[in-house]
Each structure stands twice: as C-alpha cells, then as structure tokens.
Amino acid sequence: MIAIDIAHNLDQLFVGISIVASLILGIIVYLDNRKSITSRTFLLFALAAIFWNVCNYVSYQPYFSDYGLLIVRLSLFFAVWYCYFLFKLFYVFPDSEFVFSKRFKLVIWPAILAVSILTLTPYVFKSVLATDVNGIVSKVNVGPAIIFFVITILGLLVCGFWTLVKKLKNSEEIKHKQLGIILNGAMISFTLHIIFNMVFPLFLDNSSYASFGAIFSLPFIAFTAFAVIKYKLFNVKVIATELLIFTLWIFLLIRTLIANTLSDQIINGSLFFAMVVIGILLIRSVFREVKQREDLEKATNALETANQRLQGLDKMKTEFLSLASHQLRSPITAIKGYTSMLLEGAYGEVLKDQKVPISRVFESSQNLANVVEDLLDVGKIEQGGMKYELTAIDIEQMTQGIFHEFTVVAENKGLKFSYVNTGATPCVVMIDPIKIRQVIINLLDNSIKYTEKGFVNLSIKKVGKDAVIEITDSGIGMSPETKEKLFGKFARGEGKMVNAGGSGLGLYLVKQIVDAHKGTVDATSPGVGKGATFRVTLPLK
C-alpha cells in the first residue's frame, strides 16, 4: 500500500513538473518577443501540452471515473492541438514574421479544427466497454473516425519533423546546433508518445503506461531548455530568476502533493497558486528591466559603431587633404615664382596697367600657399606627425622682432601699432621657436586684418611662472556664440570684414600648437564691433 502511494505521489510530481516546466518555457519565450510568430506559437504549444497532460493524467485517476469517456475524448482533442502547434512551431521557427500560404489557411487549419471537433463525438470513441476496480476506463469502443485522428496526428508529426530537418540542413553553425538539440528532444518525446499513448492503448489494449504521458514530454522540454540556456536561443539573462521561481513552484507543489490532510492541501495549493501569479509578474518585471538594458546597450554599440565610422571618415578626409596639399605645393610655388619675377622685370619691363593684376595673382597665390600650409599642419597634427624641437628661447626678443616685421603693414593700413614690455626681460621659455613664431604671427596678422581703424597693441609680461603674450585690437570683435567655436576647425568669424579667403584653420592650429607646449590660449571681447583680446600663456623655463 505504501509503495502504491509513493508511486502515485511520484506520478503526480512528474505531471506537476512537466506542467510547470512547460508554463515557464512558454512564458519565457513569449515575453522575449511578444510580436514574434515563433514566440506566440511556442506559448500556444506549451499551453496545449499542459492541457493534454492534465487530461491524460486525470483520465486514469479514480476521482473522475464518472466522467471517464468525456475526459478520454478531451485528451484526444488536446492531443490534436498539441501536435498541430508543434508542427506550426517547426514551420515558422525561428522567424519573427511569417506569411502563411492560402493552402495553409484554407486547407490545413480547417482540417485540424474539424478533426479536433470530431474527437469529441461518438465517431471516434463510441462508448466505454470496460473499467477496472477503481472505475477507470480500461477499454473503449472505437468508432470508425479514429483513422482520421491517427492520420492527422502522424501527418502533423511527420511534416513537422521533415520541416525541421530541412531547416537543420540549411542553417548556420550556431542555429544548426540549436535546431539539432531541439530535434533530438522532440524525437525522443514524440516517439514515446506514439508508442505508449497511441500504439499500446489503441492497438494492444494496454493503457498501463498512458498516464506517464506528461513524463514523456520532459525530454523535449529539457532539451529545449538546454538549447535556450547554452546557445541563447531566446533571452537568457532572466534565466536565473526563472530557475529560482521554478524551484519555489516545485517545492510548493511537492508540499501540496504530500500533505496529509485536506486543509494542508488547500493551504499549500493556495500558496502554490499565489506563487505562480507572483512568479509570472516577477519574471515579467525582470524581463522588462533586462530588455531596457539590452536596448540601451544596443543603442550604445550603434553609437560607438557610428563614431568609429565617423573617425574613419575623418581620418580619410585628413589623409586626402594632406595628399592634395602636397600636390598643390609645386604649382603654387611655380605661380609665386614666375609672378614675382614678372613684377621684378626679369622678363622685361611690365606695363603700369599690368602690374595690378599680376600683383593680385601673386597675393592670391600667397594666400593659397598659406591655406595649403595650414592644411598640411592640420594633417600632421591629426595623424600625430607634428614634431616639436624644444629650445630655450627668450620669448620677449622673438615677440619684439615680430612687432618690427608688422610695423610697416599696420602703418600702411593707418592703424596705431604699439608694443609694451611689462618687466618681461629676460623671459625664457622651452618652445619650438618656429611653431610659436607661427602662433604669434597668426594672431597678430588676424588682428591687423580684421581692424579697419583704431589700434593694435602687442604686449608681453610675466604672471607667476608663466609668460603672457596679449594682442588687443579695436576691430570687429565677436559675440559669445562666435567665441565658443572660435578655435575649432574651419571656424569663421562674423561680419562684413571676415576674410573669405582664409582657411578657417589658423586659430585651430594656434590652439593645437599652444596645447602641445602645455600652454593656454583664449580670446575675450566686449561684443561685436568692440574689438578683441587674444592671450597666449606659456610656462617659463
């Protein structure tokens, strides 16, 4: 008697495990992508498996002997849908969207519906012929339509497996392994189903093993779960949560089954039901959180990929500009050389009305040469090829020399040009004299160029451990918006006096060179039309 009770409890336990496992997998897959046809079909398959397992098990329990024929018919009804959704799952897997053919909609679906309804009629099972001592149906009177049930079941299974095998042959490596695992599990489960739930009861009058149908479902469920976890067939970052919930469900189910009194069974059963609801809600909540994190990670990866692509394009642009600039150097040098020789009379006296256009050609070629040099310097900086030869230099002497070079230029434009040294003698810094000279010349040239009238002041002083060079003018000034982008690549000023022939790279190069010397450069202005001050700070030696 004890052995019978233990076997009965184990039978209930396996049925419960199979039902819970089917429900968990169905929910996991569905929540992974609710819009996917594969996810929806898998959930329907799991639900059909649950209903069939329950009916199959109940049909062999004495508590429901008065409804034996109805339960047997329901068992066949859900068996049809169990096999149908398995076939459909293999048919659509692993697509998210699938368009069914007219034949599928007009032939297969109506046929399945008709056969499933037929199983509930006397045409499949007419009546009960015999029952055992517990009142359980042991033999039924089979009707003539049973052949349609058998053909439908076998047809769905054969077509489903054939479809899965074809997909297996044409799949890639990872998907091939996933499909292989699922195929093996399905073959084991449905071979057992056919033998013990169809052949034995219908053709050998032996239903001793039919109640173990739920156990026969476990191989397919277990293999599918293994494919989910090992090869990430669906979202597996919530697997830990689902396993915890599954363990709690099994624990409460076992307590319900082994309870000694009806009240204990009711209490444990209520706890089990409550935990099922709470567990589903918890899994759904965790899945949403993981989904949001994955979406954020995908967006981050997409942004990183786009950034890398932009960096690649920027590098290609820099390399192109560098190559083009090198190619432009020679013809520009030739233009400058020949126009200079023409102006000097090397090819004979130049007429008065010819000097003006030739001078403009010379000035334009000089401007173009400056643009080319700026492009080359930018290319060197961005490719890490700009070299600095640092030397201890008295920056005050260099600044004063540059002032004298620009005196004539400023006076020709009618500007008041001054130089102020505020106790900065000597003023030794470790710099690349050629590069820092380029910085001061660039800033001073800009101030003179963008100042129509008024003054330009150049000054140098010591502030703490730094040498500070300031260039102040009464030129076009700048707005706060212009100041923010002033030292960027291809940045241009504003107003009618902007030098349209400039490269827009001068101040960008100034900042890059000063930064490389561990100094700073900034600009201030009271506003548009109110002049500006450029300040360069370099650390003293």
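Is it true that some residue in segment 207-217 is in contact with a strand residue (DSSP E or B) (Cβ under 9 Å, 6 or more places away or on another chain) and modelled with pLDDT of 75 or more?
Taking every residue of segment 207-217 in turn, none turns out to be in contact with a strand residue (DSSP E or B) (Cβ under 9 Å, 6 or more places away or on another chain) and modelled with pLDDT of 75 or more.
Checking residue 235 against (1) at pLDDT below 75; (2) crowded, with 19+ Cβ neighbours inside 10 Å; (3) under 23 Å from residue 30 (Cα atoms), which single condition isn't satisfied?
Checking residue 235 against (1) at pLDDT below 75; (2) crowded, with 19+ Cβ neighbours inside 10 Å; (3) under 23 Å from residue 30 (Cα atoms), the one that fails is (2).
Among the candidates 174, 188, single out the residue that is of a type outside the set (Ser, Thr, Tyr), closer than 30 Å to residue 124 by Cβ and either open to solvent by 70 Å² or more (accessible area, probe 1.4 Å) or in contact with a Lys or Arg (Cβ under 7 Å, 6 or more places away or on another chain) (or both).
Exactly one of 174, 188 is of a type outside the set (Ser, Thr, Tyr), closer than 30 Å to residue 124 by Cβ and either open to solvent by 70 Å² or more (accessible area, probe 1.4 Å) or in contact with a Lys or Arg (Cβ under 7 Å, 6 or more places away or on another chain) (or both), namely 188.
Which residue pairs have Cβ atoms closer than 6 Å, lie 6 or more positions apart in sequence or on different chains, and pair a first residue in segment 26-45 that is open to solvent by 10 Å² or more (accessible area, probe 1.4 Å) with a second residue that is part of a helix (DSSP H, G or I) and of a type in the set (Val, Ile, Thr)?
From segment 26-45, the pairs are 37/92; 42/29.
In segment 65-75, is there at least one residue being hydrophobic (A, V, I, L, M, F, W, C), part of a loop (DSSP other than H, G, I, E, B), closer than 19 Å to residue 154 by Cα and modelled with pLDDT of 80 or more?
There is no residue in segment 65-75 that is hydrophobic (A, V, I, L, M, F, W, C), part of a loop (DSSP other than H, G, I, E, B), closer than 19 Å to residue 154 by Cα and modelled with pLDDT of 80 or more.
Any residue in segment 168-187 that is part of a helix (DSSP H, G or I) sitting within a Cβ distance under 7 Å of a residue that is among the polar types (S, T, N, Q)? List the pairs, counting only those 6 or more apart or interchain.
179/171; 182/224; 185/224
Could you please find all residues in segment 513-541 being out of contact with any Leu (no Cβ under 8 Å at 6 or more places or on another chain), among the hydrophobic types (A, V, I, L, M, F, W, C) and either in a helix (DSSP H, G or I) or without any contact (Cβ under 8 Å) to a residue 12 or more places away in the chain (or both)?
Residues satisfying the conditions are 513, 516.
Restrict the check to segment 484-506 and report whether at least one residue is within 38 Å of the chain's Cα centre (by Cα), surrounded by 18 or more Cβ atoms within 10 Å (Cβ to Cβ) and at pLDDT 80 or above.
Taking every residue of segment 484-506 in turn, at least one turns out to be within 38 Å of the chain's Cα centre (by Cα), surrounded by 18 or more Cβ atoms within 10 Å (Cβ to Cβ) and at pLDDT 80 or above.
Can you name the condition, by its number, that residue 475 falls short on among (1) at pLDDT below 80; (2) surrounded by 15 or more Cβ atoms within 10 Å (Cβ to Cβ)?
Failing condition for residue 475: (1).
Are there any pairs with C-beta distances below 7 angstrom linking a residue in segment 476-488 that is more than 18 Å from residue 445 (Cβ to Cβ) to a residue that is at pLDDT 80 or above, with the two at least 6 apart or on different chains, and if so which?
Short answer, once both residue conditions are applied: 479/527; 479/528; 483/523; 483/525; 488/508.
Within segment 53-63, can one find any residue that is under 42 Å from the mean Cα position of the chain (by Cα) and either over 21 Å from residue 189 (Cα atoms) or modelled with pLDDT of 75 or more (or both)?
Scanning segment 53-63, I find at least one residue that is under 42 Å from the mean Cα position of the chain (by Cα) and either over 21 Å from residue 189 (Cα atoms) or modelled with pLDDT of 75 or more (or both), so the answer is yes.
Exactly one condition in (1) modelled with pLDDT of 75 or more; (2) within 33 Å of the chain's Cα centre (by Cα); (3) open to solvent by 70 Å² or more (accessible area, probe 1.4 Å) is not met by residue 183; state its number.
Unmet condition: (3).
Condition check: outside any strand (DSSP E or B), in contact (Cβ under 8 Å) with a residue 40 or more places away in the chain, hydrophobic (A, V, I, L, M, F, W, C) and closer than 20 Å to residue 518 by Cα. Does residue 440 satisfy that?
Yes: the conditions hold for residue 440.
Any residue in segment 113-126 that is over 9 Å from residue 73 (Cβ atoms) sitting within a Cβ distance under 8 Å of a residue that is polar (S, T, N, Q)? List the pairs, counting only those 6 or more apart or interchain.
Partner pairs satisfying both residue conditions: 115/152; 126/141.
The values are calculated or read from the model by the stated rules, or taken from the named source; none is laboratory data. What you see is a predicted model, and the numbers here were worked out from it, not measured in a lab. We place every Cβ from the backbone using ideal geometry, glycine too, and count neighbours over all the protein chains shown. Just so you know, the surface numbers come from the protein's heavy atoms only, side chains and all, with ligands and any DNA or RNA stripped out. Shrake-Rupley method; radii C 1.70, N 1.55, O 1.52, S 1.80 Å.
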